[in-house]
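Presented below is the structure to which this report refers.
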Amino acid sequence: MNQEKLIQCFVSALAIDGALVTDELKYNSIPQWDSTAHMMLVAELEAEFDVMLDTDDIIDMSSVAKAKTILAKYLD
Amino acid sequence: MNSDKPHWPPTFERYGVTLTPIEPEHLEMVRQWRNSPSIQQFMLDQREISEAQQQAWYSGLADDSSRAYWLIMFKEQPIGVASILAIDKTVGTGEPGLYIYPEQYRSNIVPFCVAFALNDMAFFELGLKRLDAIVLSHNSAALRFNIKCGYQQLGENSLGQIAMSLEPQSYIAARDPLARFIRY
């Protein structure tokens, strides 16, 4: 998986600095990652990685680490 | 027809969620949710609700078609409460509200599923023409959420409350790009 592309998706959707995008970053842990930003993130990830996420995966994508795990499932 | 079930408000299922009338056995769970700091902090009325007050509130809902409260069901679990208050079918207005209790369902697509079900109910089942909302100015997530759902921001009063309104056309324009991610 292209890690740089993943980080850019978070930077763009959450409007945060790339340095904040670590595996430990969880939704709701910063004000920028709310439900609205989450949907922008999903749109970014689907467009950049050319995948279509299941709704349950959209719900489960609760951290950067989790996003990597979920995306990897679609990119295998 | 099952005469034991209330006819108001109607049960509504869409976007993977079901809005179902609140039954007496749900009252204590709903009261606990409503009194929890995570929910209470965003309510216009932040007073603690007693069992007696909860019962009185519920009794007052019977046959009151100007107010509708639903339990939100998701994956067959109750997760929160949705409402439309001040329903005026003559003018075509109402005041929606919702809260979701489990933290894992608050900051992703689930609030949109619930809001879309509630708005579809309001506009396309009840026939309302405009929804009015009041959001506390410090509740930035709710403000962003409502704007993403198509609400227009009208202004802020001296109490730090922001008035917003939503009409069907702007709602549909906002809903459709997001609803494509709801794949149930």
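The values are calculated or read from the model by the stated rules, or taken from the named source; none is laboratory data. Since the model is a prediction, treat every value here as computed from it, not as a measurement. Don't worry about glycine lacking a Cβ; one is built from the backbone with ideal geometry, like all the others, and counts go over all protein chains shown. Quick note on the areas: whole protein, heavy atoms, side chains included, nothing else; ligands and nucleic acids left out. Shrake-Rupley method; radii C 1.70, N 1.55, O 1.52, S 1.80 Å.
Tabulated data
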item	result
Residue ID - nearest to the other protein chains (Cβ to nearest Cβ), chosen from residues in segment B:118-140 that are of a type in the set (A, V, I, L, M, F, W, C) and open to solvent by 40 Å² or more (accessible area, probe 1.4 Å)	B:Ile134
Residues that are open to solvent by less than 60 Å² (accessible area, probe 1.4 Å), in a helix (DSSP H, G or I) and more than 11 Å from chain B (Cβ to nearest Cβ), drawn from segment A:56-73	A:Val64, A:Ala65, A:Ala67, A:Lys68, A:Ile70, A:Leu71, A:Ala72
Condition broken by A:Glu24, with the remaining ones in (1) over 25 Å from B:Tyr101 (Cα atoms); (2) loosely packed, with under 14 Cβ neighbours inside 10 Å; (3) touching a residue at least 12 places away in the same chain (Cβ under 8 Å) satisfied	(1)
Any pair with Cβ under 7 angstrom, 6 or more apart, that starts in segment B:53-78 at a residue that is under 17 Å from B:Phe112 (Cα atoms) and ends at one that is among the hydroxyl-bearing types (Ser, Thr, Tyr) and in a helix (DSSP H, G or I)	B:Phe74/B:Tyr105
Complete set of residues in segment B:144-184 that are touching a residue at least 24 places away in the same chain (Cβ under 8 Å), more than 14 Å from chain A (Cβ to nearest Cβ) and either in contact with a Ser or Thr (Cβ under 9 Å, 6 or more places away or on another chain) or open to solvent by less than 70 Å² (accessible area, probe 1.4 Å) (or both)	B:Gly160, B:Gln161, B:Ile162, B:Ala163, B:Met164, B:Ser165, B:Leu166, B:Pro168, B:Tyr171
Search result, residues across segment A:21-37 that are of a type outside the set (Gly, Ala, Ser), within 7 Å of chain B (Cβ to nearest Cβ) and touching a Ser or Thr at 6+ places or on another chain (Cβ under 6 Å)	A:Tyr27, A:Asn28, A:Asp34
B:Asn108 crowded, with 17+ Cβ neighbours inside 10 Å and within 10 Å of chain A (Cβ to nearest Cβ)	yes
Those helices (runs of 4 or more DSSP H) lying entirely in segment B:1-73 with at least 1 residues open to solvent by 40 Å² or more (accessible area, probe 1.4 Å), under 26 Å from B:Asn139 (Cβ atoms) and modelled with pLDDT of 95 or more	B:27-35, B:51-61
Residue check, A:Leu53 part of a loop (DSSP other than H, G, I, E, B), farther than 16 Å from B:Ala141 by Cβ and touching a helix residue (DSSP H, G or I) at 6+ places or on another chain (Cβ under 8 Å)	yes
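Okay, residues lined up against (1) assigned to a loop (DSSP other than H, G, I, E, B); (2) hydrophobic (A, V, I, L, M, F, W, C); (3) open to solvent by less than 60 Å² (accessible area, probe 1.4 Å); (4) farther than 23 Å from B:Val114 by Cα:
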| residue | (1), (2), (3), (4) |
| --- | --- |
| A:Lys5 | no, no, no, yes |
| A:Ala19 | no, yes, no, yes |
| A:Asn28 | yes, no, no, no |
| A:Ala43 | no, yes, yes, no |
